[in-house]
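The values are calculated or read from the model by the stated rules, or taken from the named source; none is laboratory data. Everything numeric in this text was worked out from a predicted model, so none of it was measured. Every residue, glycine among them, receives a Cβ derived from its backbone with ideal geometry; neighbour counts consider all protein chains shown.
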Amino acid sequence: MKSGPTSALRPAPSHAVLAQAAEWYARLRDGSASSHEIARWQAWLHAAEEHQAAWHYVEDISRGLDPLRTTTDPRQTANTLNKAHARLHARRRVLITLAALASGGTLGMLSWRQSMLPSGLLAWTADHRTPTGEQRALTLADGTHLWLNTASAINLYFSASERRIELVQGEVLIETAHDETRPFLVETPHGRMRALGTRFNVRLDEARTQLDVYAGAVEIRTASSAISRVVAAGQQSRFDRADIAPLATADAAREAWTQGMLVADNISLRDVVQELRLYRQGHLGVADSVAGLKVYGSFPLQNTDRVLHMLASALPIRIEQPLPWWTTLESVR
């Protein structure tokens, strides 16, 4: 759910190539690799653009979690680090300037801020936020109850004329308090939702917003096309800035995260892993050969290691962990 690459036209590295990159990193991280192994790694690295993309992904995750203590190629690593630090410092200066420009209070400026600034920066300065792996319950001044999921952030804009929440990142479940004079609004970069006396869940992804309504109703209005639709209790919809998907049945299991549980009822292992990624640091992957396995049960989100072992005991999979922050689920050989 954090900011991703904006030029993402190339497909992401496959699970198999990512596994190869992690294995190479594990071999080279302590600096004891022989010259022959280093030559083999360099040959692998330059054999395909996908290999380079996978290696950069491993480096990005390792940075701050488990940095290389001894480099395998001092000159190359020094150049890479110097360039990375220069980019980070330059980007930081730009973001600080943009944040200052975006401090106006108008709705137009808010929309610009949502679309132009990275969600990570907005989350750092949000009114309420949760780190990875944590959840939080809040009661607002008007009596509204809300629950912030892992790695989520919101801003509050309450006035005499409206109650408005900006979902900057992640997911929030809201149970609105009654107020005849002030509408209750939730905004994401994709549009605005107006609660009609309700309990509902909003999940923000990079490409769209998902709304599940459990009581009352919610009206959606898209950001760029101003298309609107009312979603009633028991219904779900997804929308982006221009369009609203057809209505579907609300996912009742989504409410379970407020109790710290993941409820799986005939969903794929791939979907379970995608959910668990939100609650742990580092990389969590699943091999294509087992990603389609169906999962049933209730799992504690506050202990993802326990969940992985529960899955391994119930399914024909094994847990591979070549690095402390790199975990994959593979087929049992």
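Structure above, values below:
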read-out	value
Residue match in the stretch 50-61 (condition: within 28 Å of TYR279 (Cα to Cα), at pLDDT below 80, of a type in the set (A, V, I, L, M) and buried (at least 17 other Cβ atoms within 10 Å of the Cβ))	no
Residues of the stretch 305-333 that turn out to be modelled with pLDDT of 95 or more, touching a Leu at 6+ places or on another chain (Cβ under 9 Å) and either surrounded by fewer than 20 Cβ atoms within 10 Å (Cβ to Cβ) or part of a helix (DSSP H, G or I) (or both), as a count	8
Residues within the stretch 213-244 that are in a loop (DSSP other than H, G, I, E, B) and within 11 Å of GLY191 (Cβ to Cβ), tallied	9
Of the criteria (1) surrounded by fewer than 16 Cβ atoms within 10 Å (Cβ to Cβ); (2) in contact (Cβ under 8 Å) with a residue 12 or more places away in the chain, which one PRO246 fails	(2)
Residue under evaluation GLN281, criteria (1) part of a loop (DSSP other than H, G, I, E, B); (2) polar (S, T, N, Q); (3) more than 27 Å from ARG63 (Cβ to Cβ), criterion not met	(3)
Filter result for ALA264 (in a helix (DSSP H, G or I), touching a residue at least 12 places away in the same chain (Cβ under 8 Å) and surrounded by 16 or more Cβ atoms within 10 Å (Cβ to Cβ))	no
Total residues in the stretch 134-172, condition within 18 Å of the chain's Cα centre (by Cα), at negative phi and not in a strand (DSSP E or B)	5
Checklist (1) within 23 Å of the chain's Cα centre (by Cα); (2) loosely packed, with under 14 Cβ neighbours inside 10 Å applied to ALA256, failing item	(2)
Pairs, first farther than 24 Å from THR327 by Cβ in the stretch 38-65, second crowded, with 18+ Cβ neighbours inside 10 Å, C-beta under 7 Å, six or more apart	ILE38/THR72
Filter result for TRP41 (in a helix (DSSP H, G or I) and under 17 Å from THR328 (Cβ atoms))	no
Selection within the stretch 129-146 - touching a helix residue (DSSP H, G or I) at 6+ places or on another chain (Cβ under 7 Å) and within 9 Å of THR176 (Cβ to Cβ)	none
Residues (assigned to a loop (DSSP other than H, G, I, E, B) and at pLDDT 50 or above) located in the stretch 98-133	PRO118, THR125, ALA126, ASP127, THR130, PRO131, THR132, GLY133
So ASP240, is it under 17 Å from LEU146 (Cα atoms) and touching a residue at least 12 places away in the same chain (Cβ under 8 Å)	no
